[in-house]
Amino acid sequence: MADALAGRSRVTVLRGEAGAGKSALLGYLSGRVAGWHSARAAGVESEMELPYAGLHQLCAPMLGHLGRLPVPQRDALATVFGRSAGAAPGRFLVGLATLTLFAEVAEQQPLACIVDDAQWLDRASAQILGFVARRLLAERIVLVCAARTGIGDAVLAGLPELLVGGLGDSDARALLLANVPGPLDAAVCDQIIKESHGNPLALLELPRAWNVAGLAGGFGLPGSHPVAGRIEQSYLRRLRRLPSDTQLLVLTAAAEPLGDPVLFHRAAGTLGIDIAVAGPAQDGGLLELGGRVEFAHPLVRSAAYRSAAADDRHRVHRALADATVAETDPDRRAWHRARATPGPDEEVAAELERSAGRAQARGGVAAAAAFLQRSAELTIDPARRAERALAAAQASLQAGAFDAALQLAATAEAGPLDEFQRAQVDLVRGQVAFASGDVSDAPPLLLKAARQVGPFDAGLARETYLTAWCAAFVAAGQPAGRGVLLEICRAVRALPPRPGAPRPLDLLLDGLALLSTDGHAAATPTLQRAAKALAGIPVQDVLRWGWMAMAASNAVWDNDGASVISARQVRLVRDAGALAELPLHLSALGLARAWTGDFAAAAALAAEADSVAAATGSRSAPYTLLRLRALQGRLAEASAAIEQAAAGGIGVAIYAHWAAAVQCNGLARYEEAAAAARQATSDTFEYWVSVWALPELVEAAVRVGDVQLARDALERLAETTQPSGTDLALGLEARSRALLTSGDSADLLYREAIERLGRTDVRPERARAHLLYGEWLRREGRRAGAREQLRTAYDQFTGIGMEAFAERASRELAATGEKVRKRNPGTRDELTPQEGQIARLARDGLSNPEIGAQLFISARTVEWHLRTVFAKLGITSRRQLRTALPEDGRLAGRA
């Protein structure tokens, strides 16, 4: 609380077993935040399927501030909370909107967000809460959640935690003795303390269910059970002593998670029960009726609900369904009706199906899957049941519930499906395998699905072939993977042409298939057309398969095209709030920026990708970081990144070997560079990464005297560079060919390389051409020319930040007799990647709210970072950023 009042947010997750005192601590906190804005929510087990239910509880007191949010964020919250209709917003756009809403409220007064029983939050709410918690920094906000160990261990994982353990023996004894009426036998006291493991609720509740003789003389002590089970049993015994109508009323409260007293009274009336019969439950300290209907402890609710007879549960849910107004809350009414139905019921199944559609429209894919699954269970007609099970499997796949998706696919397959539906079942299986990282099973499953889908939906078939190609490409390092890859490509080549002009997807798929079967010369024209067409694909395609769009540009040595496409896609994905996909696009853009030598931008994009991946629970491959560290040449940092990546999957390992080859060439450790480059280029399926490493192999092999290895690598390189014809491709080929040439021919090739690379924005490769030309001139005895080229290389390397290559150029300059004056690195602190990114956006004129919306942080956090940036740069205003932080991203006054 003190930190929040000082303007720095704090987040804590209380974790402990049932009865440890988490709710009591939250209650204590609630009592300490008088004068704050306070928002509370509690997860309820029976409500876990309803999308954003927990988030709505938390945000409901703040919705009056919605009008102050940017329009896309305001619309996102209004849609998921059912206040307006619209397209389903991205889950993490909802997260950004929630973060902004919290920050807006906290501007007026400090905000305390208190969440109990987080283990029972619906999945969407838990993800949004975790996203927000990881991005709070400079707001007056306290977020404290409680989650039960053993059930909610994965919920809000990775956030700061406070373990709420048991009481020590002396405190446990004091608590027990203070709350036991009458005498307590010393042996019984010791036994209770031992069995309670210091659990406070166990110490309070267990003695209530025992008779006087048991407490005083030790007769009838219970056996040893898990503490939570004993506490629940204690509550259960107390519940069973209540009158039957009171028990039914308590069950009604347990089945209605909102605690709405109006709804509770209506349901009681439908059951024909006078609300006054709740008295014994209130007097017994089990239930509280006031502004809300609340239980003394969540275990009372679970004991009441789980122990009830099935007929009573059905009766109560039927009453709650009748008491729920269909026009204002149709989904909750449908869910109660489903729980009230003991057997198949087509009317209820259809209502659940409609609820699934509404949930899907609000972005609640997990809820849609739950509705559809229950709908299938209640469906009488076998064909309709199979159709709904298939829809539930597809929704579960979207929600990331892969095991459920496979089970539902099996349920669907057991019914009477048509051929298209059976193809969709195979497609679900293939997509689950690919999303799960199963590189051996995914390609053949997706190939089978694509073939089956083809006669019914040519567009879906081509998308599936593209996914299958990507899955097989990842698996191509395995013997079986190569065969499947070629089989997929042959199947694509055999597809009938689509009517009309080919779409970008068609060009990309056809180009990649040609690349695999016929090589670069045959594939390059199609891939170049694809690269141009892919620059303008709509956001729907970007979100479905756009992460593959850079493949065409990368395969034809077109870094400019890759940069333009990835920058646009990052913007579109950010605007859509699709954070689950964003790290892939950030990595692609970061890689393109590293090629150009904009290391500050590359580092910021890599940091953002890692940050977003952590917030969404996904993984971000370190492609940008590997390229960046290798070019920077900082040995310790680069080696650590390379070593970690080399142990990863096949695709990441190739990047790691390429990075190691670059780093070792910079350090003039040519034997190691050659070994790493051979590993990076060992795959004969030459697409882009293995091709990008070929110039490294040529340079290293020449330096170690393995001329034949260098010539073979050059021949392979030329097979890719000649068809593309870009200045980058032909410049790198000329530079590599010069290493294997002598006399005037070598001189002409070095000059050609410098001229061609000078027409690109790929500054690191241009600087390396100057370096190699200078080294060659020195060995030819042409010292004046060598000094000129080496000085240019040194200046460019230091300007970019390529430390290892700069040191290599420095040594070569010294060998020509020229004294190299080291650059002064300056004394000001370096900006972190996030600070650098915020500083550049502010320099370019974006406001704090605009920067916050782009980086998924609050405007106040942007302001906090800018204060740090100003201090590090020694400036006092945003106007000074243009001078202190030039366009190349390096700090003014630095090398």
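The values are calculated or read from the model by the stated rules, or taken from the named source; none is laboratory data. Every value quoted in this text rests on a predicted model; they were computed, and no experiment measured them. All Cβ positions, glycine included, derive from the backbone under ideal geometry; neighbour counts span all protein chains shown. Accessible surface areas use protein heavy atoms only, side chains included; no ligands, DNA or RNA. Shrake-Rupley method; radii C 1.70, N 1.55, O 1.52, S 1.80 Å.
Key figures
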{"read-out": "Rounded to 10°, Cα long-axis angle of helix 458-474 versus longest principal axis of the chain", "value": "70"}
{"read-out": "Proximal lysines to residue 22, defined as alpha-carbon separation beneath 22 angstrom and excluding residues fewer than eight positions away on the same chain", "value": "194"}
{"read-out": "The chain: angle of helix 91-108 to the longest principal axis, Cα-based, in degrees nearest 10", "value": "70"}
{"read-out": "Residue-wise HN-Hα coupling along the range 173-186, computed from phi with Karplus coefficients 6.51, -1.76, 1.60 (Hz; x: Gly, Pro)", "value": "5, 5, 5, 4, 5, 6, 10, 9, x, x, x, 9, 4, 4"}
{"read-out": "Semi-axis lengths, Å, the range 445-601, gyration tensor of Cα atoms, sqrt of 5 times eigenvalues", "value": "26, 18, 16"}
{"read-out": "Alpha-carbon centroid distance for the pair the range 362-412 / the range 538-585, whole angstrom", "value": "31"}
{"read-out": "Within straight-line cross-link reach of residue 872, lysines at Cα separation under 28 Å, skipping those fewer than 8 residues along the same chain", "value": "822"}
{"read-out": "Simple label model, 7 Å out from Cα along Cβ direction - residue 832 to residue 157, nm", "value": "2.4"}
{"read-out": "Rg followed by Dmax, in Å, when the range 328-372 is reduced to its Cα trace", "value": "9.9, 29"}
{"read-out": "Given the chain, longest segment not containing exposed loop GluC sites (Glu not before Pro) (DSSP; at most 15 other Cβ within 10 Å)", "value": "328-779"}
{"read-out": "For the range 24-61 versus the range 421-456, the gap between their alpha-carbon centres in whole angstrom", "value": "42"}
{"read-out": "Backbone HN-Hα couplings from phi across the range 126-138 [Karplus 6.51/-1.76/1.60, Hz, Gly and Pro as x]", "value": "5, 5, 5, 4, x, 4, 5, 4, 6, 10, 6, 8, 10"}
{"read-out": "Using distinct alpha-carbon pairs, which all enter the 1/r mean, Kirkwood radius of the range 227-383 in Å", "value": "16.4"}
{"read-out": "Per residue, the convex hull volume that the Cα atoms of the range 675-793 enclose (Å³)", "value": "99"}
{"read-out": "Apportionment of accessible area to carbon and sulfur, the chain, percent (1.4 Å)", "value": "52"}
{"read-out": "Per residue solvent-accessible surface (Å²) - the range 482-570, probe of 1.4 Å", "value": "39"}
{"read-out": "Cα gyration tensor category, rounded, prolate or oblate, for the range 1-108 with a/c compared to 1.5", "value": "oblate"}
{"read-out": "Principal-axis tilt of helix 707-724 within the chain, Cα atoms, nearest 10 degrees", "value": "70"}
{"read-out": "Bins of 20 Å from zero: percent of alpha-carbon pairs in the chain", "value": "13, 37, 32, 15, 4, 0"}
